[in-house]
Amino acid sequence: MHKFPVVVPAAGVGKRMQADRPKQYLHLHGKTLLEHTLHALHAHPRIGQIYLALHPQDPYFGHLPIADADWLTRVDGGLERADSVLAGLNQIMDADWVLVHDAARPCLRHQDIDALLSLADGQHGGILACPVRDSMKRGNGAGLVATSVCRDDLWHALTPQFFPLPALREALQHALTEGHTITDEASAMELASHPVALVEGSPDNIKITHPQDLALAELYLTERSKDFL
Ligand SMILES: Nc1ccn([C@@H]2O[C@H](COP(=O)(O)OP(=O)(O)OP(=O)(O)O)[C@@H](O)[C@H]2O)c(=O)n1
Ligand SMILES: C[C@](O)(CO)[C@H](O)COP(=O)(O)O
């Protein structure tokens, strides 16, 4: 069965988590968030080599049981998430398509990976995404609503994001060279005028960003572990 490579950006410092270590090394159910994410990916039958972008001075990863796994390739991450992703992409030689998935999203479901990988039957890549549920407001910078944002066809972009490797590598390199702020791979692909498919994903595929996200991730991972009983 054909397997796809994945780049996992995991070189962040987790400022918003306000923890004593980068959030990917916080523990839930006896494992680090990073291990949960990597195991969720590696356990999927169509996921191949994982290119893990780590901070060059990361003092934690080497102590993990998976540090020497042959299905992991370690690369040095960069200043921003996009730099870390590009560093991973530049290590992949023999692939037509690639996924990119945040280390900070440990609650990924295999059904969502399946849905996203179906894009490989076509020409264009895409992203897991969730429709916005709440009314959306844009502030005026002074604590007041400036305007309501129409929420029709408005989505939260999630990860993994899945694109043809050559096109993504070129689009991301070009966007960074031009000085664009790139917060996800789709942003670079959009700038390069590539179509980006929206694949509806599970809303529990949350990005662990703030302290209160940990309790939610604990709940989701507990529920997930029951699924495998
Ligand atoms: N220079 C960076 C910055 C972020 N990331 C990774 O990109 C993912 C999503 O980024 P985010 O949630 O913003 O993580 P942090 O940058 O660590 O968080 P913060 O912005 O709060 O510092 C995370 O897995 C993070 O480790 C990365 O590989 N390289
Ligand atoms: C890639 C991403 O998770 C899609 O929503 C998001 O853009 C990452 O943002 P962050 O600020 O780097 O966490």
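The values are calculated or read from the model by the stated rules, or taken from the named source; none is laboratory data. The model shown is predicted, which means the values in this text are computed figures rather than measured ones. All Cβ positions, glycine included, derive from the backbone under ideal geometry; neighbour counts span all protein chains shown. Accessible surface is based on the protein model in full, side chains and every heavy atom, while ligands, DNA and RNA are left aside. Shrake-Rupley method; radii C 1.70, N 1.55, O 1.52, S 1.80 Å.
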Is there any pair with a first residue in segment 100-111 that is more than 16 Å from Q161 (Cβ to Cβ) and a second that is in a loop (DSSP other than H, G, I, E, B) and away from ligand 2 (no atom under 13 Å from the Cβ) whose Cβ atoms are under 8 Å apart and which are 6 or more apart or on different chains, and what are they?
-> C107/S202; C107/D204; H110/A43; H110/H44; Q111/S202
Yes or no: A175 within 14 Å of ligand 2 (Cβ to nearest atom) and open to solvent by less than 70 Å² (accessible area, probe 1.4 Å)?
-> yes
Strands (runs of 3 or more DSSP E) fully within segment 1-100 counting 1 or more residues that are open to solvent by 70 Å² or more (accessible area, probe 1.4 Å) | 72-76
So which residues in segment 138-153 are of a type outside the set (S, T, N, Q) and farther than 25 Å from V196 by Cα?
-> G139, G141, A142, G143, L144, V145, A146
Counting only residues that are exposed (fewer than 13 other Cβ atoms within 10 Å of the Cβ) and either within 16 Å of ligand 2 (Cβ to nearest atom) or not hydrophobic (A, V, I, L, M, F, W, C) (or both), segment 142-153 contains a total of 5
Are any residues in segment 184-200 closer than 17 Å to L154 by Cα and within 16 Å of ligand 1 (Cβ to nearest atom), and if so, which ones?
-> D184, A186, S187
Checking L108 against (1) open to solvent by less than 60 Å² (accessible area, probe 1.4 Å); (2) in contact with a Phe, Trp or Tyr (Cβ under 9 Å, 6 or more places away or on another chain), the condition it does not meet = (2)
Filter segment 191-219 for residues that are within 13 Å of ligand 2 (Cβ to nearest atom) and farther than 23 Å from R16 by Cα; the one that is surrounded by the most Cβ atoms within 10 Å (Cβ to Cβ) is G201
Pair list, Cβ under 7 Å, 6 or more apart: segment 171-198 residue over 18 Å from H101 (Cβ atoms) and without any contact (Cβ under 8 Å) to a residue 12 or more places away in the chain, other residue open to solvent by 30 Å² or more (accessible area, probe 1.4 Å) and away from ligand 1 (no atom under 16 Å from the Cβ) | H180/L191; E190/V196
